[in-house]
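Below: the structure, in structure tokens.
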Amino acid sequence: MGQDSFSKKRCYFFDRGRCVYGDSCSFNHSLLKDCCGDAASDINKYHKKNLCSLFMVPGLECPFTSSFCWNAHGLEELRRSPLRLPPLDGIQRGTLLRCMGAHRLSEADASEVWQSPSDWEVIDRVKVGDTVVADGVPVLADGYMMVPVQPAGAVELRYFSCVATDEKGRARDLPITDSHIHLDEMLRTRRYGFAWYAKTMRCGYLNCARRRCLYAHEGEKLRPVPALRPQDLAELGAELAKLPGSRIVGIVQSCCTVEAIEDTLQLVKWGREMMDGRIFATFGIHPNDFDVHSPEVQMRLEAALDLCGVQGVGWGECGLDFNKRADELDSAPQMRQQMQQVFIQQIQVALKRRIPLVVHSRDAEEEVFHILDEHVPRDHYIQLHSFMGSPSMLLSFLAQRPNTYVSVPGAVTWAWSSQDGGLRELAKVLPVDRLLLETDGPYMAPAPYRGQESHPGHVPWVAHALAVAKGLRTLDVIEAASRNFCRFFGLQEEREEKGKESFNNQK
Ligand SMILES: [Zn+2]
Ligand SMILES: [Zn+2]
Ligand SMILES: [Zn+2]
Ligand SMILES: [Zn+2]
């Protein structure tokens, strides 16, 4: 962007963690000091943004030294983006140009205001703390998300940040809901990096030739899965509390394997002890693992649901996924039928128990709707989690089913331009009284945090993308999602509004 002088060129070696010249290097090292951590250069974007599992997991060894390893060797090296809020009032109204998180910008640091999103002439500089007034919706230009501002010009969206305040300048109430997350995996990722599972499972390939395969081969000992600690959840709670006005209404843990049962029960228990019982759980077998489903597995999951008491709020995620194991499914067509049978059996559990059904569908939307139409009464509560089918199909389904809700994932923030269609198009037509917000953490982190593990503190960005698509205020979407959440999972709304009452009920 802008003038590209010799001294402004990115340092190739620095971006790979290997520049030996330090401050005397004549190339640009600047992006690591970037205010909000969203480095503009793709090369640099993921550098030291995640923990190196090989370094963090006891018993594994990273073959690289810290300056050669792409991932962080320890928390000191980690460049985790500081938690911040999107503009909650809708950026049409104007916004503060201010960094919310810990950063290394000095007062003298300034960002540039460009003439227009399509014309990269610098017209001015604004300092941290200056206010600029937005003059339109964000525009994608040359891969940068630009916001037109007054006086005439544009700045990058990532430089916007604001705190929603009421008339008296106090932080506004920010109800946090995350309708679908794998909290156990998320907390492990946060502590050990994305490959925390290294060598805890056997490799599926005969004679696997991958040099640093993360799975265990013949003769290799299986490592135990690193245990969750209560402080992992406490730290997440502290992180969420950093969002001004935040109040956890509910986080729904999706327990979709037998292996996750113990952790899920633990998390629900810790949630009662330190989050006022706001961690809820649903149980089921994920369609990718349909072949482990059996009457015995079913019994264990149901028993776990019972143990959760009021925090056990639904059945799933279950459904159909024709994407992940596509090759297998193509070579053995009867597997598709088996997957459908397992889905139908799990639908029966939700119906028998009169609890919400959490549906996962991927590349199988038509088949999923067909099965739901055939087996689920119209007024039953259904959560379409991470739905990515066509808008028209969805709308006709919703029209017939008053208690079906669509849980929108972080992916809605990814494709900014409307010609990308997909989730943005869906977001546009989705009725506000039928939407829920989810992270599906640790996966699908929303745009400002992409490549890192996603967690409930990122949910406001999902709401923001929805708000931009629908022309609404972000806070209105967040509040609607909170009301819908309570209605869907059967939590009383008065309780939500008072916010203070205990939800620490054991049964
Ligand atoms: Zn490493
Ligand atoms: Zn292998
Ligand atoms: Zn899913
Ligand atoms: Zn999931």
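The values are calculated or read from the model by the stated rules, or taken from the named source; none is laboratory data. All of these numbers come straight from a predicted model, not from anything done at the bench. Positions of Cβ are generated from backbone atoms using ideal geometry, with glycine treated the same way; all protein chains shown enter the neighbour counts. Just so you know, the surface numbers come from the protein's heavy atoms only, side chains and all, with ligands and any DNA or RNA stripped out. Shrake-Rupley method; radii C 1.70, N 1.55, O 1.52, S 1.80 Å.
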Unmet criterion (only one of (1) modelled with pLDDT of 90 or more; (2) in contact with a strand residue (DSSP E or B) (Cβ under 9 Å, 6 or more places away or on another chain)) for ALA399: (2)
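So, in region 173-213, exactly how many residues are in contact (Cβ under 8 Å) with a residue 40 or more places away in the chain and either hydroxyl-bearing (Ser, Thr, Tyr) or over 30 Å from ILE248 (Cβ atoms) (or both)?
7
Answer with yes or no whether LEU357 is modelled with pLDDT of 95 or more, away from ligand 4 (no atom under 15 Å from the Cβ), in the same structural domain as THR404 (by TED's automatic domain parsing) and not basic (Lys, Arg). Walk me through how you get there before you give the answer.
Details: modelled with pLDDT of 95 or more: yes; away from ligand 4 (no atom under 15 Å from the Cβ): no; in the same structural domain as THR404 (by TED's automatic domain parsing): yes; not basic (Lys, Arg): yes.
No, not satisfied.
Look through region 424-450, keep the residues that are within 16 Å of ligand 4 (Cβ to nearest atom) and of a type in the set (A, V, I, L, M), and return whichever of them is farthest from VAL406 (Cα to Cα). Even if it seems obvious, please write down each step before you answer.
Here is the first cut: in region 424-450, the residues within 16 Å of ligand 4 (Cβ to nearest atom) are 436-446.
Of the ones still in play, those that are also of a type in the set (A, V, I, L, M) are 436-437, 444-445.
Working: LEU436: 6, LEU437: 8, MET444: 16, ALA445: 18 Å.
Once the filter is applied, the top-ranked residue is ALA445.
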So which helices (runs of 4 or more DSSP H) stay within region 449-507 end to end and still have 1 or more residues that are at pLDDT 85 or above, out of contact with any strand residue (DSSP E or B) (no Cβ under 6 Å at 6 or more places or on another chain) and open to solvent by 20 Å² or more (accessible area, probe 1.4 Å)? 459-470, 474-488
Residue satisfying all of: in region 67-77; touching a residue at least 24 places away in the same chain (Cβ under 8 Å) and surrounded by 11 or more Cβ atoms within 10 Å (Cβ to Cβ); nearest to ligand 1 (Cβ to nearest atom) among these: CYS69
Which one of these is assigned by TED's automatic domain parsing to the domain that holds VAL252, open to solvent by 30 Å² or more (accessible area, probe 1.4 Å), at pLDDT below 95 and of a type outside the set (A, V, I, L, M): GLN341, GLN334, GLN348? GLN334
Looking at region 374-404 only, could you name the residues that are surrounded by fewer than 13 Cβ atoms within 10 Å (Cβ to Cβ) and either free of Cβ contacts under 8 Å to residues at least 24 places away in the same chain or closer than 19 Å to ASN484 by Cβ (or both)? GLU374, ARG378, ASP379, SER392, SER396, ALA399, GLN400, PRO402
Note on PRO391: of the conditions (1) within 16 Å of ligand 3 (Cβ to nearest atom); (2) in contact with a Lys or Arg (Cβ under 9 Å, 6 or more places away or on another chain), unmet is (1)
